[in-house]
Structures are given as C-alpha cells and as structure tokens.
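Below is one structure, written out as structure tokens, with a few remarks after it.
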Amino acid sequence: MEMFEPEDSWLNYHHLRYFCVVAREGSISRASRRLSTSQPAVCAQVKQLEAVLGEALYRRSGRSIVVTEFGRMVQGYAEEIFGLGRELVTTAKRGSLPKALRLHVGVVDSFPKLLSLEILRPLFEHKPPVHLVCREGKLEDLLGQLGSHRLDVLLTDEPPPSSAQVKTFSHLLGSSGITFCGTPKLLRKLPKAFPKMLDGAPLLLPTQNTAFRRELEQWFRKVGVLPRVVGEFEDAALAKIVAADGIGLTVVPSIVAAEAMKRHGFSIAGKTEACRMGLYVVSAERRLEHPAIALLLKTGLRTGRKSEAPGKAPRPKKRVVS
C-alpha cells in the first residue's frame, strides 16, 4: 500500500517564494511592493512557512527585518530549489538536451581566485556540461554547509582542523611555491636583492588565522627579514586590487604568477620554493561518486602536478631555501 506524508508537512513553495523576496528586500513593505500584494498577506504567508518549519525565519529591527541564522539556511535551500525550477522550465522548452551535472563548490575566501579558475576550468569544458554553483566564505562556515550537503566539495589552502565537527576527507591537488609582486613603481623603491628587499617593505598579507600566513612568518624569520605589514586580507582577490594601486607587495602562488602579472600589471620582486601553499579539495565522502569531483581530482592543476590518490592529504614538504 502506497504511503503519503501528511498534508501539513508539505512544503508550500508559494510561501517559500514570499519569504525569499522578504529576505532579499530586507523589508516587509518593499517585499509587498515587489510581490504586488499587501503587507498582511506577505506576513501571513511567511508565518505559515514558519509554522511548517517550526522556527522563526526573521525578526523585526525597526522598519526593517533581520533574517535569522535558520532563515539564511532556508533562503539558501530556496534559491537552489527555484534555480532547479528555472532549469526544468528551460530544459523543457529546449527539448531533449543532455541534463547538466550540478556541482556546488565552496571556495575558502583566502584561496587565490586564479587558482580556483585553473582547478575548475576542466568542468567548463566537460561534456555533458557541468552547472557550477560557487559560494565563498570562511572554512568553518563552508564545512557546515558541506556537512549538511548544501555543498559537494570545498577548495581550500589547508585541510580542515582535526577539531572540526564535520567528518571530511582532504584530497591534495598539489602545492606551489610563492611569488612576491607589486607595481613597477613600488619595486623601483626597493633596490636591495631579494629576499633582503622585503626587510621593511610594505606587504599585503593573508590574515593571521591562516596556515599560509603562519608559514610565511616562519620563512621571514628564517631568511632574516621583517616586512612592514600594511594590510591583512581574508580575500586574496582584494589584496591584489590594493597591490595594483601601489600600496604594497602581495603574494601569489608561483603557478599563476604569470597570469597575475598580465591581469594586474605587476612586476616580480622575487620568488621562493621554500615557502609553499597547499591546494586541497575537501569532500564529505571518501568514495567520490560525483563525476565532476572525480574529474577535478583526475585533472589536478594543469599548471602544476597531478593530484595525489583520493583520501590521502599529506602536508606539502617544506623545501630548504637555497
């Protein structure tokens, strides 16, 4: 005998749509104008959704609303649901085209964006096509989304800590030496040879809560330089924008240094293989059945070496400065 869920546990997507508009607009009044309906009607729809889900989705703050942490999670699911709905309609209108694989990727904000492109590039060329959904954030936040299966995989420059509550498997794609670079005008003010030119030089570095920053600090002590840190950035892309304005030197993985020079007009101050950045793909499953993830590990970095065997993620070995 076929069993059905009770009707009061069904998700009403009309209610979900109203909540998404409220969350995006940040105001009941603006949401009501966008939906061409009254404010009481919007409130009633969202309240019914809260009754089904069992938790508050937002709270009032003056004339605006603040989405709760639970509400942000629901909003994320809703955007994916409506995205799938749009994809369904588009596919139906186009006829029998091959269905795109969907891959939800989290990128840690400290992970260099040019490296993200190099790693993900094979997915854009894959047949059948891969539909990528990328989210950026801090490692701990992205691990939570990985654990709840809102993300399929993470790109990060360090494996998750052993204290992480989510069980994960780190797959080492490779590692890269680093290149210090900046504007030609700034480099002309630093006449000493590398790495001594870094002593007292203005630097734009990752924040101190990253493994890469700690490794940089160790390398500075080893070669006997004390740079002048003028900025710390969680977002590696923002550090490059600031460096392009001549404010300080920045650090990029050597395997994408040429592309960074081309895009930002940088010149190279110097490079070292003694300080290395690890490049990891992190999954929630040891056995990788998603074909797009398997492709990432198979192709590795086109500008670097191929990936290690899945499930093994040794730290990159530090090489002695020559």
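A short reminder: the numbers here are calculations on the coordinates, not readings from a lab. Quick caveat: nothing in here was measured; it's all calculated off a predicted structure.
Can you tell me how much longer the chain between residue 194 and residue 34 gets when fully stretched, taken as 0.36 nm per residue apart minus their C-alpha distance, in nm with one decimal?
On the way: separation 160, 0.36 × 160 = 57.60 nm, distance 5.80 nm.
Answer, rounded to one decimal: 51.8 nm.
The string of couplings for the stretch 176-186 from the Karplus curve (6.51, -1.76, 1.60, θ = phi - 60°) is 9, x, 10, 10, 8, 8, x, 6, x, 5, 5 Hz, one whole number per residue in order, with x for Gly and Pro.
Cα-Cα over 19 Å: which of 138/271; 196/240; 192/262; 113/262? It would help to have the intermediate numbers written out before the result.
Numbers: 138/271 27 Å; 196/240 22 Å; 192/262 24 Å; 113/262 15 Å.
With Cα atoms farther than 19 Å apart: 138/271; 196/240; 192/262.
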